[in-house]
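Bear in mind these aren't lab numbers, they're just calculated from the coordinates by the rules spelled out. Every value quoted in this text rests on a predicted model; they were computed, and no experiment measured them. Cβ atoms come from the backbone with ideal geometry, glycine included; neighbour counts cover every protein chain shown.
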Amino acid sequence: MTQWRYFRAVDVLDVRLNSVGQYRGKLTNGNLEIFFINESRLVQVEPQQVEEFDIHETGKKKTHPCTTCDGICTCHDRKVCDRCYILKDRRTEFDRNQTDSKGRHTYRPSCIDCRATIDGVSMSATEKKRMRKTKPNGIWTCPICRKLYIVENMRAPPRMDHDHQTGKGRGWICDSCNTGLGRFKDDISILETAIEYLGEFENEE
């Protein structure tokens, strides 16, 4: 298994500060070839224009309890945003998400700046009021996965889904489907690609 090396941009022309890049090789003139993820391109840089860092020392430690802080914190100070691929301060530039199964705080995979774009337009109070009038109860079927639920017995209640570009409510869906749409960025083209991908393996034995 290849052990990739990662660098952050310190002073690279037309590349954002702290952009994360993967080392691809060293040239005969001493320069490095770095593939910057957010640029989707290979860039030749001088060694002093970038700084190497350990990708495993970002985000949350995988071990428990933490070997350096006795499990009090969630460890590493830096985290790579999964949207802009910039190395940022985990505690100040990422919102807390929830607590994991071991009681440790987790942070969203996307930074605050990128979350603003992802979240888009919020629903107005008037739109939320309109949506609440149609909130499911009793036996309910999620319109996406078509699974039947007893609403009063659901671990996570139905989610109020809305168009992130307009702020208009679309309907009520189960928590799993709500997460799924979020993972696919509410993007029809990505969902179509997922269908094509599944279709490639549909008839395999």
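So the values come out like this:
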item	result
Choice from 35, 184, 53 with maximal GNM fluctuation in the chain (Cα, 10 Å cutoff)	184
Cα centroid separation - the stretch 179-205 against the stretch 125-152, whole Å	25
Residues with amide H under 5 Å from that of residue 167, placed H, sequence gap 5 or more	121
Shape of the stretch 135-205, Cα gyration tensor, a/c cut at 1.5	oblate
Whether the chain is rounded, prolate or oblate, judged on the alpha carbon gyration tensor where a/c under 1.5 counts as rounded	prolate
From phi via Karplus (6.51, -1.76, 1.60), per-residue ³J(HN,Hα) for the stretch 136-148 in Hz, x at Gly/Pro	x, 8, x, 8, 9, 10, 5, x, 9, 7, 6, 7, 7
Gyration tensor verdict on the stretch 6-53 (Cα atoms; rounded if a/c is under 1.5, prolate if a/b is larger than b/c, oblate otherwise)	prolate
Order of 126, 193 - criterion: other Cβ atoms within 10 Å of each residue's Cβ, fewest first	126, 193
Fully extended contour minus Cα-Cα distance, from residue 183 to residue 55, at 0.36 nm per residue	43.8 nm
Dipole magnitude of the stretch 6-53, debye to nearest 20 (Cβ charges: Lys/Arg +1, Asp/Glu -1, about Cα centre)	140
GNM top mover of 117, 28, 106 - the chain, alpha-carbon springs below 10 Å	28
Sequence of 131, 154 once ranked by neighbouring C-beta atoms within 10 Å, starting from the fewest	154, 131
Sum of side-chain charges, residue 130 neighbourhood, beta-carbon under 15 Å (Lys, Arg +1; Asp, Glu -1)	+4
Residue-wise HN-Hα coupling along the stretch 150-158, computed from phi with Karplus coefficients 6.51, -1.76, 1.60 (Hz; x: Gly, Pro)	9, 3, 5, 10, 6, 5, 10, x, x
For 107, 197, order by how many other beta-carbon atoms lie within 10 Å, fewest first	197, 107
Cα-based reach from residue 60 at 23 Å (exclusive), listing lysines while leaving out same-chain residues under 8 positions away	79, 88, 102
Selected from 29, 38, 137 as most flexible by GNM, with the chain as the system and alpha-carbon contacts under 10 Å	29
